[in-house]
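The values are calculated or read from the model by the stated rules, or taken from the named source; none is laboratory data. As the structure is a computational prediction, the values presented were derived from the model and not from experiment. Cβ placement follows ideal geometry from the backbone for every residue including glycine, while neighbour counts extend to all protein chains displayed.
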Amino acid sequence: MARCSHLYDLWWRYDEDPVFFGLAEKSYAELALYDCQRGRSAEGIPVLERLLRQGGFNLPQLER
């Protein structure tokens, strides 16, 4: 859950001004966080990583 929260916080803070988020992008981020909160981090984290990469972030690959 910690990684998921960190990714969501990064997305919220740095991707764009929250007022101008596209409806779909914000929905994807919120649903990904919800997945993580429900114990489905394996589903939520890739979505948040994809959103951040689309926003120009270079995320390191984690060993799994």
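Could you give every pair whose Cβ atoms fall below 9 Å, whose first residue belongs to the range 35-64 and is closer than 18 Å to residue 12 by Cβ, and whose second residue is among the β-branched types (Val, Ile, Thr), counting only separations of at least 6 or pairs across chains?
35/45; 35/47; 36/45
Which of the residues that make up the range 46-57 are of a type outside the set (A, V, I, L, M) and part of a helix (DSSP H, G or I)?
Residues satisfying the conditions are 46, 49, 50, 53, 54.
State which residue is nearest to the chain's Cα centre (by Cα) when the search covers only the range 4-45 and only residues that are in a loop (DSSP other than H, G, I, E, B) and at pLDDT 85 or above.
The selected residue is 40.
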